[in-house]
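In what follows, a single structure is set out as structure tokens and then discussed.
The values are calculated or read from the model by the stated rules, or taken from the named source; none is laboratory data. Model, not experiment: these values are computed from the prediction. Here Cβ is always computed from backbone atoms with ideal geometry, including for glycine, and neighbour counts include all displayed protein chains. When the accessible area is computed, the model is the full protein with side chains, heavy atoms only, and any ligands, DNA or RNA have been set aside. Shrake-Rupley method; radii C 1.70, N 1.55, O 1.52, S 1.80 Å.
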Amino acid sequence: MAVEDNTREIESTIVTDLRDRQTYGSYLGLDTLLASQHPKSRPEHHDELLFIIQHQTTELWLKLVLHELDDARRLLAADDLGSALKRIARVKHIQEVLTQQWSVLATLTPTEYAQFRGALASASGFQSAQYRQVEFALGNKHERMLKVFEAAPEDHAALAAELERPSLYDEFLRHLARRGHAVPREVLERDVRKAHVFHEPLVDVFVGIYEGAGTPGEGDDWRAYEACEELVDLEDNFQMWRFRHLRTVTRTIGMKTGTGGSSGTSFLQRALELTFFPELYAVRTRIGA
């Protein structure tokens, strides 16, 4: 059927009577979703909607990241490495979207943001429970962070549960141990409530994996090597997100303190020093040395 007068005909088989049917809007809950933006500035500033939607969409993506990381850990515990890597691959694509989103917020000029920033009061991205859960799931645990969420029982409970659970790295290392790799016992039996810290003997394990990877796509060492590189991608992407966050904040508020009480950009700068899988970076110094 050709297009005439720049108008596409509606095919006769397309459902147009949507009474008493599930619709696109009802399936996605759009009535609730699109009514969930409540600018606080008075008079309402044009750009506050951008600021709200930027952060709401981030929270939606973080919800999916947690969903995938939850299942990736379950699959690693069941030694289903291939399926776990599929989940991690999806997280990597989500991270790319999250990082690119900063370019939208960066269209907000310092003057524009200053005109409604006061409406945020003490609200701050530092208080994102889902972001903290992602950090915990990747191994950057920080028990004192729970205090921030004492006024929100559900968020506090979710973060407390994540604190007690082995991280993605913990489950991967346990998987390697079950596959015969000499992962140190102290690593396997570590307190998972603490942030993972660099452990030199673990680098020896990864040297063996990287140097024994062999033919691409074949053998357990290759699959372990592939998984290591996927985790490196994950951390690289996370650090790129942190960096874009830092640069966007810097260009928007300069050296002002954060709305949540932090020192602002200097606090965000220190986040770049945090790591999830330090041995996977250290092994590169050892390879071929």
Exercise for the section: Among the residues of the stretch 96-105, count how many are open to solvent by 20 Å² or more (accessible area, probe 1.4 Å), more than 16 Å from Ile52 (Cβ to Cβ) and not charged (D, E, K, R). Expected result: 3
Problem - Some residue of the stretch 61-68 being closer than 26 Å to Glu164 by Cβ, under 21 Å from the mean Cα position of the chain (by Cα) and of a type in the set (D, E, K, R) - result: yes
Problem - Phe243, sole failed condition from (1) free of Cβ contacts under 8 Å to residues at least 60 places away in the same chain; (2) touching a helix residue (DSSP H, G or I) at 6+ places or on another chain (Cβ under 6 Å); (3) farther than 19 Å from Gly82 by Cβ - result: (2)
Problem - From Lys40, Lys63, residue being closer than 30 Å to Leu138 by Cβ, open to solvent by 70 Å² or more (accessible area, probe 1.4 Å) and touching a residue at least 60 places away in the same chain (Cβ under 8 Å) - result: Lys63
Practice task
Kindly establish whether Pro39 is touching an Asp or Glu at 6+ places or on another chain (Cβ under 8 Å) and modelled with pLDDT of 95 or more.
Solution key: yes
Problem - Selected residue (only one of Glu154, Glu186 is over 30 Å from Asp221 (Cα atoms) and not aliphatic (A, V, I, L, M)) - result: Glu154
Problem - Some residue of the stretch 13-34 being open to solvent by 80 Å² or more (accessible area, probe 1.4 Å), without any contact (Cβ under 8 Å) to a residue 24 or more places away in the chain, under 30 Å from Ser124 (Cβ atoms) and among the charged types (D, E, K, R) - result: yes
Fill in the blank from the handout: Note on the stretch 135-162: residues within 28 Å of Leu173 (Cα to Cα) and not in a helix (DSSP H, G or I) are Gly139, Asn140, Lys141, His142
Problem - Selected residue [more than 27 Å from Arg244 (Cβ to Cβ) and assigned to a loop (DSSP other than H, G, I, E, B)] from Ser41, Ser26, Ser12 - result: Ser12
Fill in the blank from the handout: Counted residues in the stretch 266-279 being buried (at least 19 other Cβ atoms within 10 Å of the Cβ) and either over 10 Å from Glu235 (Cα atoms) or acidic (Asp, Glu) (or both) come to 2
Problem - Close pairs from the stretch 108-125: first in contact (Cβ under 8 Å) with a residue 12 or more places away in the chain, partner among the small types (Gly, Ala, Ser) and not in a loop (DSSP other than H, G, I, E, B), Cβ under 8 Å, at least 6 apart - result: none
Problem - Selection count, the stretch 183-199, where residues are touching a residue at least 24 places away in the same chain (Cβ under 8 Å) and open to solvent by 40 Å² or more (accessible area, probe 1.4 Å) - result: 5
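To keep it simple, each residue is scored yes or no on (1) touching a Gly at 6+ places or on another chain (Cβ under 7 Å); (2) basic (Lys, Arg); (3) open to solvent by 30 Å² or more (accessible area, probe 1.4 Å).
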{"position": "Ala114", "(1), (2), (3)": "no, no, yes"}
{"position": "Arg117", "(1), (2), (3)": "no, yes, yes"}
{"position": "Ser122", "(1), (2), (3)": "yes, no, yes"}
{"position": "Arg144", "(1), (2), (3)": "no, yes, yes"}
Fill in the blank from the handout: From the option list Asp79, Asp5, Asp70, single residue qualifying as among the charged types (D, E, K, R), at positive phi and surrounded by 10 or more Cβ atoms within 10 Å (Cβ to Cβ) is Asp79
Practice task
Determine whether the stretch 210-219 contains at least one residue that is open to solvent by 60 Å² or more (accessible area, probe 1.4 Å) and aliphatic (A, V, I, L, M).
Solution key: no
